[in-house]
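J.: I'd like to ask some things about the structure below.
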Amino acid sequence: MDFLLLYYFLFLDLIGHCVLKDSLVYKIAFPVSLGWAHGYGKDLVPTLKMITPFIVAGVVVVYTKLLDMMEKHKLFYVFCSFYAFLFGLTAIALFVLKSFGPEYIGAYPLAALGVAVYFATESFGSLVIALFWSFAVSCNKSDEAKRSFPFMIAIAQIGTIGGSSLLVFGLPNWSIYALCTVTTILVMVMINQIVTKVPADQLVSDKVEKKQKPDILAGVKLLFTQPYLLGVFIVSTFYEIVKTIVDFQMKSQASLLPGVNFEVFLGWFGFWTNFLAFAMALLGTSYIMKRYGLKFCIMLYPVMFGIALISLYVYYLTNPSPENLLWATFGVMMLVTAISYAVNNPTKEMMYIPTSNDAKFKVKGITDTVGSRGSKAAGSAINNSLNVGATQALKVANLMAFGTLIGVGFIGIWLVAALYVGTKNAQLVRDNQIIE
């Protein structure tokens, strides 16, 4: 129950950050009234995503060094304290903005706020969620993980539904960031409850490994010398390339269509996506894992993503209205994001169970931070190269026509890696072996 509550608070916190950082960049940080061009924030997003991996890489260096210096649960205290302080300051800044208007802050300070919050949110999503899963994987046996991980995902969706609903119901941005600050503090409280009240012999994995000397490069060495871990890296990151392409397609359309309230649109997207993920995780994920196994689950996502993306491209070729195209893209993005949360996320985390602690924490840390953000940067580089044209409408047309086909190509590579990882994992579990 403690793990369930912890993950609930993490995702309630994260969804508020993620939805708001898009709203800040697309609609708040670069207002036309302060001299910025129409759509400037939208056009800046691919560049910000390309810079993000370098920001996250610096954080990962600190994270990897601290892994060898302190107990794993104490990393939550270090990083959550930092983010609680930072997002608390953001809440104050947004309150000032709402009370006195953008002119009171100024064009460049407001732009700097939007960019800083964007980078902070991206690193939070990479680091703290990755840290949670590394901690959870190291504290659960294989059979426990199969039972509990899908329910962790289901509980997390309640948090994401709640976070998205705050925007739909019109709560001001500053109050949502204030709430997120509180939930970040509650994450630290829950970690303390787990490590002080749960017996130590219950917080162990069933995979025993040899002791390793501290080595800051251990994760990099393992990643490039173990084909299994490299395969997990591809499975855990390549979908982000394709998702970034489709996400930018959807948000570009929504930000440009007259009559669409962008912030409310994002709120509804978060609400329905996570409601669907909740239903999948609660009713289907555990059954699918038990009935068909992890190999089936890890291949399910690329197959479904490929079908959805090809269907979107075929629909685009019928020349639908901008409104209908937006909702078709919304449907595809909602489906693939929900499957990612409900099926792919717990499945790829379980791929780390037959691995050493260096793999669970260091390789996984690299994969979920630099790898994940690097994949988003790659997707954004594709978006940036296609986001060209004399008008915003032409930019969207280029994104839809060519970005979708490029995404299908990446899904093909991802599917091959998923097949290998699923087969190898079954062999490791069967033979009681460990990657170290």
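Only the coordinates and a few stated rules stand behind these numbers; no lab work does. Every value quoted in this text rests on a predicted model; they were computed, and no experiment measured them. Reconstructed Cβ throughout: ideal geometry from the backbone, glycine too, with neighbour counts over all protein chains shown.
J.: Per-residue counts of other Cβ atoms within 10 Å, averaged by peptide: what ranking do you get for 363-376, 26-39, highest first?
T.: Details: 363-376: 25.3, 26-39: 16.4.
Top of the packing list down: 363-376, 26-39.
J.: Tell me the volume per residue, in Å³, of the convex hull enclosing the alpha carbons of the range 223-279. List each step's numbers first, then the result.
T.: Values: hull volume 5.4 nm³, N = 57.
Looking at the range 223-279, the number lands at 96 Å³ per residue.
J.: What distance in nm lies between label points placed 7 Å from Cα along the C-beta direction at Phe296 and Glu71?
T.: So the two model labels end up 4.1 nm from each other.
J.: What's the lysine pair count for the range 350-436 at a Cα cut-off below 25 Å, pairs eight or more apart or interchain? Mind showing how you got there, number by number?
T.: On the way: Lys360/Lys376; Lys360/Lys424; Lys362/Lys376; Lys362/Lys424; Lys364/Lys376; Lys364/Lys424; Lys376/Lys395.
Within the range 350-436, the lysine pair count is 7.
J.: Rg and Dmax of the range 321-363 over Cα atoms: what are they, in angstrom?
T.: Every Cα atom of the range 321-363 included, Rg and Dmax give 16.9, 52 Å.
J.: Let me ask you something else. Using a ≥ b ≥ c from the Cα gyration tensor of the range 268-324 (square roots of the eigenvalues), is it rounded, prolate or oblate, where a/c under 1.5 gives rounded and otherwise the larger of a/b and b/c decides, a/b for prolate?
T.: oblate
J.: Apply the Karplus parameterisation 6.51 cos²θ - 1.76 cosθ + 1.60, with θ equal to phi minus 60°, to every residue of the range 174-187 and state each ³J(HN,Hα) to the nearest whole Hz, in sequence, with x for glycine and proline.
T.: 5, 5, 5, 5, 4, 5, 4, 4, 5, 5, 5, 5, 5, 4
J.: Next question. About the Cα centre of the range 324-436, what is the dipole size in debye to 20, counting +1 per Lys and Arg Cβ and -1 per Asp and Glu Cβ, all else neutral?
T.: Numbers: 9 positive and 5 negative charges, 28 e Å.
For this selection, approximately 140 debye.
J.: Using DSSP to call loops (not H, G, I, E or B), can you name the trypsin sites (Lys or Arg not before Pro) in the range 258-349 whose Cβ has at most 14 other Cβ atoms within 10 angstrom?
T.: Values: sites: Lys290, Arg291, Lys295, Lys348; in loops: none.
For trypsin sites (Lys or Arg not before Pro) across the range 258-349 that sit outside H, G, I, E and B with at most 14 neighbouring Cβ atoms in 10 Å, the list is empty.
J.: Would you kindly derive the ³J(HN,Hα) couplings of the range 39-53 from the backbone phi angles with the Karplus curve 6.51 cos²θ - 1.76 cosθ + 1.60 (θ = phi - 60°), listing them in order in whole Hz, with x for Gly and Pro?
T.: x, 4, x, 4, 5, 7, 4, x, 5, 4, 5, 6, 7, 3, x
J.: So, one more: For a quick check: with amide H placed at 1.01 Å from N, whose amide H comes under 5 Å from Ile435's, ignoring anything fewer than 5 positions away on the same chain?
T.: Here Thr355, Ser356 satisfy the definition.
J.: Once you have the Cα-Cα distance between Thr47 and Leu34, take 0.36 nm times their residue separation minus that, and quote the gain in nm to one decimal. Spell out each step's value before the answer.
T.: Numbers: separation 13, 0.36 × 13 = 4.68 nm, distance 2.12 nm.
Residue separation times 0.36 nm, minus the Cα-Cα distance, leaves 2.6 nm.
J.: Once R0 is set to 60 Å, what does the formula 1/(1 + (r/R0)^6) return for the Cβ-Cβ distance between Ala401 and Thr196, expressed as a FRET efficiency to the nearest 0.05? Before the final figure, lay out the partial values.
T.: Numbers: r = 56 Å, r/R0 = 0.94.
Plugging the Cβ-Cβ distance into 1/(1 + (r/R0)^6) gives 0.60.
J.: Now, a different point. Compute the distance from the alpha-carbon center of the range 238-261 to that of the range 66-121, in whole Å.
T.: Answer, in whole Å: 25.
J.: Can you list the HN-Hα couplings for the range 315-324, worked out from phi with the Karplus curve (6.51, -1.76, 1.60; θ = phi - 60°), rounded to whole Hz and with x for Gly and Pro?
T.: In residue order, the calculated couplings are 5, 4, 5, 7, 6, x, 5, x, 5, 5 Hz.
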